[in-house]
Every structure is written in C-alpha cells, then in structure tokens.
Amino acid sequence: LLLPSTEGLGVYHSIIEYLAKFQLNPTSISTCSDLSLLFNLVESGFCTSIVPKSVLQLHADRKIEAHLLDDPLFNSSYGLIWSKNRTLTKVAEHFLAEFVGIHD
C-alpha cells in the first residue's frame, strides 16, 4: 500500500486513522510525495493506493482500476475560521448568514 504524502492533502493521516478504526494495521505502508510517480507505480502493478477522488479524476486517463470508497468515515469535515481580531467584510458576513446560519 503506497499512500500519498503530499503536503496539504492530509490524506496519509486520514487513511491511517480510518484503518485504525477497523483495527487494520497493514505491515507494508509506504508513502510517496510525487502523485505522478505514485500513479506510475500503481499503473505498473507495483502497488495499490488510496487517493482522494479529486486526485483520481486528474489521472482518469491512466490504465488503472478504481473503486470509490463510499463510507461516511472517509468524508471530511471542514471548518470555517477567521481571526477574532479582524472585522469581517460585508460579503463574508452575508456568506455566514446565508450558508452557515451565523448572524450578528
């Protein structure tokens, strides 16, 4: 199992946490920070991997088999953050009111 370790994606840690929930501890997990290389290795049959759907879509032309993991434990949550010491713009206030339900 070769997992992407590209900074900013947070995929590696999410997958390790996911596997741990099922008490799965693959003995042979490696990482690769180069997604193109990772796909080349998968395509050559060297390994398997778990990647975000968005990354998979970027490599749709590859000769690989892909299956989507439709599991709520794999869904990511997002948080909206901003500095307490800054005044929000009117656009940001409108966004919070309409989409998040936060009103002053």
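The values are calculated or read from the model by the stated rules, or taken from the named source; none is laboratory data. Since the model is a prediction, treat every value here as computed from it, not as a measurement. To get the accessible areas, we keep the full protein, side chains included, count just its heavy atoms, and leave off ligands, DNA and RNA. Shrake-Rupley method; radii C 1.70, N 1.55, O 1.52, S 1.80 Å.
Odds and ends about this structure:
- In Hz, Karplus ³J(HN,Hα) per residue of region 48-54 (6.51, -1.76, 1.60; θ = phi - 60°; x = Gly, Pro): 10, 7, 10, 10, x, 4, 5
- Percent accessible area from carbon and sulfur atoms, region 1-63, protein chains only, probe 1.4 Å: 53 percent
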